[in-house]
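A.B. asks: Got a structure for you, questions after.
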Amino acid sequence: MTQSVKPQAPSSYKRVLLKVSGEALMGSGSYGIDPATVDGIAADVAAVARTGIEVCLVIGGGNIFRGVAAAARGMDRAQGDYAGMLATVINALLMQNALERHSIPTRVMTAIHMSSIAEPYIRRRAVRHMEKGRVVIFAAGTGNPFFTTDTGAALRAAEMECNALFKGTQVDGVYSADPRKVPDAQRFDTLTYRDVLANDLNVMDAAAISLARENRLPIVVFNIHEPNAFSRVMQGQGRFTTIVAAD
């Protein structure tokens, strides 16, 4: 696999998208939301936003509901995915509240219209919010079933013309296997999109990786649970894996 790619330094990025899984909000729990964990992530995002970097977020909903799992138990897949989209809205609203407690102006924009609680997603409006220093949280995925929040994150990052997509995970980068289950799994500092697809590395689904490759969107994978993880990675510090084009 490629180990000689020289990606752009994260510290030079001006606009980024942070993708956080719903499971990351559970903390040490097995379901739901841990307020302390949400506040910790919000504080980290706030620190980055205060440096002048424009930040947007996509948060998964797997801590509340996962459409794929429900479909495996007999539920209609499309219906399950719509329920999962609503779970992402709940997480987005909670993250908005946490960010605003840290004095960061925040807007939630949803792919499914629910005007009483959030703005509808309009690309130009989202860009304008970020230009004004507001953090934007994109909720309800793409608004369509059969697409993951990873794909939704890659899509929004491309639409916003972000310099990179940051994915906060449970481990400090991309490995050849789950290091929590395979102690001798190989860790990679840099990879290409082709490496990820060809070796079926479980970091994001193939549609998200393909979309990032088509738009030459770097993906930075790091452990969201490390102290000040997002801030440190934005400064090029700590351990992370960068996925970029081969050339």
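The values are calculated or read from the model by the stated rules, or taken from the named source; none is laboratory data. Source: prediction; values computed, not measured. Note that we place each Cβ from the backbone using ideal geometry, even for glycine, and neighbour counts take in every protein chain shown.
Yes or no, residue by residue, for (1) free of Cβ contacts under 8 Å to residues at least 60 places away in the same chain; (2) surrounded by fewer than 14 Cβ atoms within 10 Å (Cβ to Cβ); (3) within 26 Å of residue 78 (Cβ to Cβ):
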| site | (1), (2), (3) |
| --- | --- |
| 151 | no, no, yes |
| 156 | no, no, yes |
| 161 | no, yes, no |
| 173 | no, no, no |
| 176 | yes, no, no |
| 181 | yes, yes, no |
| 188 | no, no, no |
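A.B. asks: Given the conditions (1) under 23 Å from residue 155 (Cα atoms); (2) at pLDDT 95 or above; (3) of a type outside the set (Gly, Ala, Ser), which single one is not true for residue 203?
C.D. replies: (2)
A.B. asks: Does residue 138 fit the bill of being without any contact (Cβ under 8 Å) to a residue 24 or more places away in the chain, in contact with a helix residue (DSSP H, G or I) (Cβ under 7 Å, 6 or more places away or on another chain) and under 27 Å from residue 36 (Cα atoms)? If you could, list the steps in order and put the result at the bottom.
C.D. replies: Values: without any contact (Cβ under 8 Å) to a residue 24 or more places away in the chain: no; in contact with a helix residue (DSSP H, G or I) (Cβ under 7 Å, 6 or more places away or on another chain): yes; under 27 Å from residue 36 (Cα atoms): yes.
Criteria not met by residue 138.
A.B. asks: Out of the residues in the range 228-247 that are part of a loop (DSSP other than H, G, I, E, B) and without any contact (Cβ under 8 Å) to a residue 12 or more places away in the chain, state the one that is surrounded by the most Cβ atoms within 10 Å (Cβ to Cβ). Step through it out loud before you land on a result.
C.D. replies: The initial filter retains those residues of the range 228-247 that are part of a loop (DSSP other than H, G, I, E, B), namely 228, 235-240, 245-247.
Still in the running and without any contact (Cβ under 8 Å) to a residue 12 or more places away in the chain: 237, 247.
On the way: 237: 13, 247: 6.
The qualifying residue surrounded by the most Cβ atoms within 10 Å (Cβ to Cβ) is 237.
A.B. asks: Now for a separate question. Return only the number of the condition from (1) assigned to a loop (DSSP other than H, G, I, E, B); (2) out of contact with any strand residue (DSSP E or B) (no Cβ under 9 Å at 6 or more places or on another chain); (3) loosely packed, with under 15 Cβ neighbours inside 10 Å; (4) not acidic (Asp, Glu) that residue 197 does not satisfy.
C.D. replies: Going through the list (1) assigned to a loop (DSSP other than H, G, I, E, B); (2) out of contact with any strand residue (DSSP E or B) (no Cβ under 9 Å at 6 or more places or on another chain); (3) loosely packed, with under 15 Cβ neighbours inside 10 Å; (4) not acidic (Asp, Glu), residue 197 breaks only (1).
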